[in-house]
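Where a number appears in this text, it was derived from the coordinates with a stated rule and is not lab data. In this text the structure is predicted, and so the values were computed from the model without any measurement. In this analysis, Cβ positions are derived from the backbone assuming ideal geometry, glycine residues included, and neighbour counts consider all displayed protein chains.
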Amino acid sequence: MALFNKKKSKDANYISAKESRRISSENRKITDEIEKQRNRKNVPREEYITQMKDPNNVVEFDDLHTYFFTDIGTVKAVDGVSFNIPQGKTVGVVGESGCGKSVTSLSLMQLVQRPQGQIVKGAIRLNTGEEVYDIAKTPSSEMQKLRGNTVSMIFQEPMTSLNPVFRIGVQLDEVIALHNEDMSKEDVKKRSIEMLELVGIANSEGVYKMYPHELSGGMRQRIMIAMGIACNPRVIIADEPTTALDVTIQAQILELLRNLKDKINSSIMLITHDLGVIAEMADYVVVMYAGKIVERGTAEEIFKNPCHPYTIGLMNSKPVVGKEVDRLYSIPGKVPNPIDMPNYCYFKDRCEKRFGKCEAAYPHEIYLTPTHAVSCYLYDDKGEVKDGR
Ligand SMILES: Nc1ncnc2c1ncn2[C@@H]1O[C@H](COP(=O)(O)OP(=O)(O)OP(=O)(O)O)[C@@H](O)[C@H]1O
Ligand code: SF4
Ligand SMILES: [Mg+2]
């Protein structure tokens, strides 16, 4: 046992039970304070109603910090993220597993697992067309009205999001009725059938009466999309919407999303590991690494002129049709421990281009064009540093 302890204590990731208790009690103090603030009754509207920096945007993430206060330390899942989702555009968010893509989108939905998960700093401005809400400060009761109506989410695994014991129609009706309290039962059903047709389900009356297990994966994902768009949201978050599907169905679902976006004039925040999907769908691309944005720009800028060594690595690890390789490239090394981030560029330990300057503090964001920004010392003298976005 003594030997076991000795061995463990040398492990940098090991913390004692006493230390864990101390962290846990500190966390409770922090999260209790934030929760107390959040759970106040009758919060004045001036606290959370705000203005967009640019009214053409539907969402503006502004220096967002979302942390998880866990018993082994604070996970800085999203650590100073700023980007915009313009009206009617698709913004692709890409990066390896665990880099904070989902937590960014869950923050916008106010669905981060509380109390340990909290937005600790920054703003998320959501433009409903009439008013602008700062989601970081919006009370839960107000958020319920925005979720589904202004912003909705299509999840990765439809089988876990659909209830297996209820028919499709019942579940779709429920979503529509929830957001349209004055609609009659017949009108709700009519709208459900319309939605099923809109997402390309031919036998809509039949499917309305079916249970989720009677449908294929592609059909279930179409149902999820129907639920997501049922109330004409201004922003649709699609988190890995096609990962669980085979390639042909994947292409059909992407095509469907693209068509629907134009029909209902929404914007899409598309989260994926797959640069191929981004290339097909996105107008703008945001590349995340370890809770931060390392590069962002228009899709053309990112694909024609990827600048950050991490973006270049992601591009190189993507299979290319017609190009024969012995082994697909993969970026060496792994993402640093999110609890103990270094005080220099987070990518340094994996970067083949690192040089003397990279020892310094985390690099600023450099604007190479008004839309293309990169955080890397290689571009220090090739653009300008701006405050904010
Ligand atoms: N409930 C939670 N408690 C503690 N840490 C969490 C929690 N949810 C997420 N995290 C951590 O936050 C970080 C970001 O996670 P996130 O789910 O956003 O990654 P992601 O980019 O969506 O990855 P993937 O591509 O695998 O979906 C990870 O380090 C993850 O372990
Ligand atoms: S700052 Fe240095 S270590 Fe970081 S990505 Fe750029 S070249 Fe690589
Ligand atoms: Mg995710």
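For F69, F355, F303, what ranking results if the residue with the fewest other Cβ atoms within 10 Å of its Cβ goes first?
Working: F69 21, F355 9, F303 16.
Fewest-to-most ranking of F69, F355, F303: F355, F303, F69.
Run the numbers for V247 and K121: contour at 0.36 nm per residue of separation, minus the present Cα-Cα distance, in nm. Intermediate values should be presented prior to the final figure.
On the way: separation 126, 0.36 × 126 = 45.36 nm, distance 3.94 nm.
Here the answer is 41.4 nm.
Two decimals is fine: what's Rg over Rh for the stretch 222-344, C-alpha atoms, Kirkwood radius as Rh? Kindly include the intermediate steps, with their values, before the conclusion.
Working: Rg = 16.5 Å, Rh = 16.5 Å.
Dividing the radius of gyration by the Kirkwood radius yields 1.00.
Along each of its three principal axes, how wide is the spread of alpha-carbon positions in the stretch 306-385, in whole angstrom units, largest first?
40, 33, 22
Could you check which residue among E240, E46, E19 shows the biggest mean-square fluctuation in a GNM of the chain with a 10 Å Cα cutoff?
E46
Sort 26-32, 53-59 for me by packing, meaning the mean count of neighbouring Cβ atoms within 10 Å per residue, highest on top. Please report the intermediate quantities before stating the final value.
Numbers: 26-32: 14.3, 53-59: 17.0.
Averaged packing, sorted descending, gives the order 53-59, 26-32.
Cα to Cα, under 19 Å, and not fewer than 8 places away if on the same chain: which lysines meet these conditions relative to K36?
K121, K137
Where does the charge balance sit around A136 when Lys and Arg score +1, Asp and Glu -1, over other residues with C-beta under 12 Å from its C-beta?
Details: positive: R38, K121, R125, K137; negative: E47, E60, D62, D63, D134.
That works out to -1.
What is the Cα convex hull volume of the chain when expressed per residue in Å³? If you can, show how the numbers build up before the last one.
Values: hull volume 73.7 nm³, N = 389.
Value for the chain: 189 Å³ per residue.
Can you run phi through the Karplus equation (6.51, -1.76, 1.60; θ = phi - 60°) for the stretch 166-177 and list ³J(HN,Hα) in whole Hz, with x for Gly and Pro?
Each residue's phi maps through the Karplus curve to give 10, 5, 4, x, 4, 6, 6, 4, 4, 4, 5, 5 Hz.
Spin-label point model (7 Å from Cα, Cβ direction): what's the A202 to Y14 distance in nm?
With each label placed 7 Å out from Cα toward Cβ, I get 6.3 nm.
Within the set of other residues whose C-beta is less than 13 Å from the C-beta of I176, count the net charge using Lys and Arg as +1 and Asp and Glu as -1.
Details: positive: K185, K189, K190, R191; negative: D173, E174, E181, D182, E186, D187, E194.
That works out to -3.
What order do you get for C358, C99 when you list them from fewest to most C-beta neighbours inside 10 Å? Present the calculation step by step, with values, prior to reporting the outcome.
On the way: C358 16, C99 26.
So the ranking, lowest neighbour count to highest, is C358, C99.
Collect residues whose amide H, placed 1.01 Å from N in the peptide plane, falls under 5 Å from the amide H of V120; neighbours closer than 5 in sequence don't count.
The answer is H65, T66, Y67.
Please quote Rg/Rh for the stretch 3-112 to two decimal places, taking the Kirkwood radius as Rh and restricting both calculations to Cα atoms.
On the way: Rg = 19.0 Å, Rh = 17.3 Å.
Checking Rg against Rh, the ratio lands at 1.10.
Give me a comma-separated list of calculated 3J(HN,Hα) values for the stretch 184-201, in order, Karplus coefficients 6.51, -1.76, 1.60 applied at θ = phi - 60°, integers in Hz, x for any Gly or Pro.
Values, residue by residue: 6, 4, 5, 5, 4, 4, 4, 5, 4, 5, 4, 5, 4, 5, 4, 8, x, 9 Hz.
Give, in nm to one decimal, the length gained when the segment between I30 and D182 is fully stretched (0.36 nm per residue of separation minus the Cα-Cα distance).
Values: separation 152, 0.36 × 152 = 54.72 nm, distance 4.18 nm.
My answer for the length gained is 50.5 nm.
How much length is gained if the chain between I339 and S216 is pulled fully straight, taking 0.36 nm per residue apart and subtracting their Cα-Cα distance, in nm to one decimal? Please report the intermediate quantities before stating the final value.
On the way: separation 123, 0.36 × 123 = 44.28 nm, distance 4.00 nm.
Length gained, I339 through S216: 40.3 nm.
Rank the residues T128, T104 as a footprinting-exposure proxy: fewest other Cβ atoms within 10 Å of their Cβ go first.
Numbers: T128 14, T104 27.
Starting with the residue having the fewest Cβ neighbours, the order is T128, T104.
I'd like the trypsin sites (Lys or Arg not before Pro) in the stretch 155-238 restricted to DSSP loop residues with at most 15 other Cβ atoms within 10 Å, sorted by number. Don't jump to the answer; show the numbers that get you there.
Numbers: sites: R167, K185, K189, K190, R191, K209, R220, R222, R234; in loops: R167, K209, R234.
Hits after loop and neighbour filter: K209.
Local charge sum around R354 (other residues, Cβ-Cβ under 14 Å, Lys/Arg +1, Asp/Glu -1)?
Result for the local shell: 0.
Any idea how far the Cα center of the stretch 239-318 sits from the one of the stretch 9-81, in Å?
Cα centres, the stretch 239-318 to the stretch 9-81: 27 Å.
What residues qualify as long-range amide H neighbours of T128, i.e. H under 5 Å apart, gap of 5 or more or another chain, H built at 1.01 Å from N?
The answer is Y133.
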